[in-house]
Amino acid sequence: MKLKSLIINGFKSFADKTQINFQDGITAVVGPNGSGKSNVIEAIRWVLGEQSAKNLRGEKMQDVIFAGTSNRAPLNRAEVEIIFDNKDRYLPINEDEIVIARRIYRNGDSEFLVNGKPVRLKDITSLMMDTGLGRESFSIISQGRVESIFNSKPEERRIIIEEVAGVLKYKKEKQKAQQELFETADHLDRVADIVIELQ
Ligand code: ATP
């Protein structure tokens, strides 16, 4: 899996549709203070399912929509698309290219799409889990995060290692299965009680 392109349209300072194509090797984004470097990274985090406006330096999610400038009117919609090369089938979708898109409107409506088809946030989260690019991923290290990882408790650091090692997904599935087993046992108990009452 390889990050091919990012298309940002109406997101934060990117009022105009802007496409960034990533080449092989290292890509560095340089620019003066306030020119929008962090907004590029936030666009990646947002399209991959970031749910906290605070983590995107806003108060509510609509704050990601271009808010206008002295000579340009605000926009009503923000859209980000991220395109992955999936020829190695790293993502479990049988397509050479995976396009994940997220849109939000001023009225609060929002949507996610994978290769043009509407999906739920949950689908994006589970698609990206263990790729290292998920919502709580460690591929994107924002300012201050390194320090907070160093200062985190051993249990929190363990979660980081589990995500990196790719076991977090299975742990979550195990938890879900255990919960279902617990509920099923509860139902069986109730059935047994009813059977006894009827005898
Ligand atoms: P630094 O080098 O100081 O960290 P940067 O290049 O990372 O800066 P960003 O923090 O990405 O810059 O961009 C900040 C700019 O984005 C500010 O000028 C801010 O006004 C603009 N901005 C943020 N949200 C919006 C929005 N919703 N609409 C329009 N502009 C926005």
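Just so you know, all these numbers are worked out from the coordinates, no wet-lab data involved. What you are looking at is a predicted structure, and each value in this text was computed from that prediction instead of being measured. When we count neighbours, we look across all protein chains shown, and the Cβ atoms used for this are built from the backbone with ideal geometry, even at glycine.
Summary of computed values
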read-out: Estimated [θ] at 222 nm from DSSP helical runs (n ≥ 4, -39500 (n - 2.57)) normalised by residues in the chain, nearest 500; value: -11000 deg cm²/dmol
read-out: Ile140 long-range amide H proximity, modeled H, under 5 Å; value: none
read-out: Per-residue HN-Hα couplings for the range 11-24 [Karplus 6.51, -1.76, 1.60; θ = phi - 60°; Hz; x = Gly/Pro]; value: 8, 6, 6, 8, 5, 9, 4, 10, 10, 10, 9, 8, 8, 5
read-out: 24 Å Cα-Cα reach of Lys171 towards lysines, excluding residues that sit fewer than 8 places from it in its own chain; value: Lys122, Lys153
read-out: Cα shape, the range 1-154, gyration tensor, a/c 1.5 rule; value: rounded
read-out: Summed side-chain charge close to Gly25 - residues other than Gly25 whose Cβ falls under 15 Å, Lys, Arg +1, Asp, Glu -1; value: 0
read-out: Cross-link reach list, aspartates and glutamates versus Lys117, counting only Cα pairs under 19 Å and skipping chain neighbours closer than eight places; value: Glu79, Glu81, Asp85, Glu95, Asp96, Glu97, Asp109
read-out: Ile83, Ile161 arranged by Cβ crowding within 10 Å, fewest neighbours leading; value: Ile161, Ile83
read-out: For Asp123, Asp189, order by how many other beta-carbon atoms lie within 10 Å, fewest first; value: Asp189, Asp123
read-out: Table column - 3J(HN,Hα) (Hz), the range 99-115, Karplus curve with 6.51, -1.76, 1.60, x for Gly and Pro; value: 10, 9, 10, 9, 10, 9, 10, 4, 6, x, 4, 8, 8, 10, 9, 10, 6
read-out: Kyte-Doolittle at least -1.0, axis length at least 18 Å by Cα - qualifying DSSP helices, the chain; value: 168-198
read-out: 5 angstrom amide H check on Phe22, placed H, neighbours 5+ away; value: Ser5, Leu6
read-out: Spatially proximal lysines relative to Lys4 (Cα-Cα < 16 Å; intrachain offsets below 8 disregarded); value: Lys87
read-out: For Ile140, Ile8, order by how many other beta-carbon atoms lie within 10 Å, fewest first; value: Ile140, Ile8
